[in-house]
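Okay, so here's the structure we're looking at.
Read the figures in this text as sums done on the coordinates, not as results from a lab. Keep in mind the model is a prediction, meaning the values are calculated, not measured. Using ideal geometry, Cβ is built from the backbone for each residue, glycine included, and neighbour counts are taken over all protein chains shown.
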Amino acid sequence: MFSKRILNILLILNLPSFIISAPLTICDGCDHLSPRSPSPQIPSPSEDDVTCPNLGGTNEPLIDYNVVLKTDATNYDSVVKNHFEMLEKCLQRERHNVHELDFSSIKDNDNVIFDFSVKGMIAGYTTKFSKSFAENYLSKLNDVAIVNENKVIEDPFENEFVKQAPLVRKTVRPVAKMPNLDRIDQENYPLDLKYIYPDSAGAGVDVFVVDSGIFLEHEEFQGRQGKTVVEKTFCGNNLADDNGHGTNVASIVGGKTLGVANYANIIGVKITGKDCPLNAQNIINGITYVMQQKANDPERKIVLNLSATSSDSAVGEVASKAVEAGIHFVVGAGNRNLDACGFFPGKVETVVTVAATKITLNQQDWATEFTNWGKCVTLFAPGEKVPVAGIVNSSEITLDSGTSLSAPHVSGAIALMLAEGDSTPEQSKEGLLRLATKDKIQGLDYRPTANLLLRIRNAVI
C-alpha cells in the first residue's frame, strides 16, 4: 500500500496517475534531501520512511541539466558525499569524473552522472532529469545552488570571422603586417613597426586555450621555447582542431611570430568541434579541468582563455570559482553589439572581459561594429583583421575578426606579467587597468564602456 508521503511526492512532481503502478526505488541514504525553506509542500524524508522520487513510468522526456552544489570550506566533503550517494542510490546511474573520463567509452549518456567536481573548489555534475523533477524537487534541495538545462550554444563563435587573403610567410617576424601587436606595446600613434616586450616573453606560464583544439603541426607552434600541446578533449577521442578556431586563438596567445607571449606554454582543452556542438556542459567541463590542474599544483601560474559565451549561470558560477582558485580568467565579450552583462562568464566581475577594436587607415582606434560593450567589459584589444594561424596547411596565415581574437591578446599580456613575477588574478586585472591606454577609442558614444585599450607590461624602452 502506498503511503500518503509517497503520493504527495508524486503529486508535487506532477507525474501522471499511471506511475503509481510503476515500482518505486527505495534508498537508505537519502535522509539529507530536505528542501530549502519555504517549501512545506514537499515532504522531507525521515530515517524511518525514506523514498526516492521515481523518474520512470512517465512520458515526460529526460533532459540534460547542469547542477552546481552549494558548498564552502566547512561542508564540502559532507555535501558531496551525501548528494552523490543520493544520486547513485536513487537513480542507479554510474558516476564518472569528467576530468579523467574517455568520453568515447560512454555508450549510454542517459545512465551516467558526469561529475565535474574539483575537491574544495567546486562541486557539481551534468545528468538527465525530467523537467518537473528538476524544477519542483531538485532545485529546492538545501544543497543545490543552480539547476539549469544544458543547451547547445548555437553559432558559439557568432560567425564574425572575416577571412581575407593569406599573408606571405616571412623568415622574420613581419611586424609591419601585424598592427595588432604593434598597437599594444605603445600608447600613442604613429605605429613604430616594432613589437617590444619583456625578454621573459611569458616563459613558465601555462595558458590554457579552452576551445576547439590546436593544429599542432602549424609552423607557429614549431620550434617554440614554450610547449604546445592539446592535453584534454571533451569531444570523444578527437584531439584535432577541425574548425580552426582554437588554432587561431592559440597563435595570438603565443605563436612563434604572431603571438603576444611566444615563450608561454600553450595547452589546448577541446570543448567543441565539427561533430561536437558546444554546450554549457562542455564549457563547464573545460573550466573545471583547468581548475583540477591548479588543484594538483597550486603553485602553477595559469591563465585560462575562453573565447565563447553562454546564457547558463552555472558557467558564471564555475568561472567565479576558478578565479577564487587563483586562475587568471580571460573571456571574449561576444560579437552581437549587445550589453556584455547579458552573457556568462563575461558578467562575472572578477573575470577579465575583452571587447574588440579596429585600427583605421588613418591610425585611429575604433570599437568594432560587432563587439559587445557595457560595464562588464574590462578593456578592449585588437579584434579586426588580426593575423592568425589557420588549419589548411602548416604555413597558412589568415586575417580574422571577433572578440574571440581580442581575448587572447589579453591572455598573452597576463602571461607576460606572470613571467616577471607572481600575482593574484585581482592584481593582474589591476595591472591591466593601470597600464591600459586611456581615452583613445572612438565609437562608444551610444555604447557606454570603459575607454581602455590593452597595453602590455614593460613595453616601452
Going by average Cβ neighbours within 10 Å, how do the peptides 442-455, 347-360, 99-112 rank, with the highest at the top? 347-360, 442-455, 99-112
Cβ-placed point charges (K, R +1; D, E -1), dipole of the stretch 390-461 about Cα centre in debye, nearest 20: 240 debye
Put +1 on the Cβ of every Lys and Arg and -1 on every Asp and Glu Cβ in the stretch 175-453; which of Thr228, Leu405, His218 then has its Cα farthest towards the positive end of the dipole? Leu405
For the stretch 258-329 the GluC sites (Glu not before Pro) that pass both the DSSP coil test and the at-most-15 other-Cβ-within-10 Å test are Glu299
How large is the dipole of the stretch 217-336 about the Cα centre if only Lys and Arg carry +1 and Asp and Glu carry -1, each at its Cβ, rounded to the nearest 20 debye? 200 debye
Classify the stretch 343-461 as rounded, prolate or oblate, taking a ≥ b ≥ c as the square roots of the eigenvalues of its Cα gyration tensor: rounded when a/c is under 1.5, otherwise prolate if a/b is larger than b/c and oblate if not. rounded
Using the Karplus curve 6.51 cos²θ - 1.76 cosθ + 1.60 with θ = phi - 60°, what ³J(HN,Hα) values do you get for each residue of the stretch 146-153, in whole Hz, with x for Gly and Pro? 9, 10, 10, 4, 7, 10, 5, 8
Cα shape, the stretch 175-453, gyration tensor, a/c 1.5 rule: rounded
For Lys438, list the lysines whose Cα falls under 20 Å from its own Cα; do not include residues on the same chain fewer than 8 positions away. Lys358, Lys375, Lys429
Across the stretch 287-296, in residue order, what do the Karplus-derived ³J(HN,Hα) couplings come to in whole Hz, using 6.51 cos²θ - 1.76 cosθ + 1.60 with θ = phi - 60° and x for Gly and Pro? 5, 5, 4, 5, 4, 5, 5, 5, 5, 5
For Gly236, net neighbour charge (Lys/Arg +1, Asp/Glu -1) across residues whose Cβ lies under 9 Å away: -2
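Classify the stretch 72-134 as rounded, prolate or oblate from the Cα gyration tensor: take a ≥ b ≥ c as the square roots of its eigenvalues, call it rounded if a/c is under 1.5, otherwise prolate when a/b beats b/c and oblate if not.
In terms of gyration-tensor shape, oblate.
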Hey, got the dipole for the stretch 332-461? About the Cα centre, +1 on K and R Cβ, -1 on D and E Cβ, debye to the nearest 20? 180 debye
To make sure I understand the rule: partners must be lysines, Cα under 26 Å from the Cα of Lys128, and not fewer than 8 residues away in the same chain. Which ones qualify? Lys70, Lys81, Lys89, Lys107, Lys119, Lys140, Lys151, Lys232, Lys270, Lys274, Lys321
Cβ-based charge dipole, the stretch 71-154, positive-most Cα from Phe114, Phe84, Asn97: Phe84
Residues Phe234, Phe84 arranged by fewest to most Cβ contacts within 10 Å: Phe84, Phe234
Amide H within-cut-off set for Asn335, under 5 Å, with H built and near neighbours excluded: Asn372
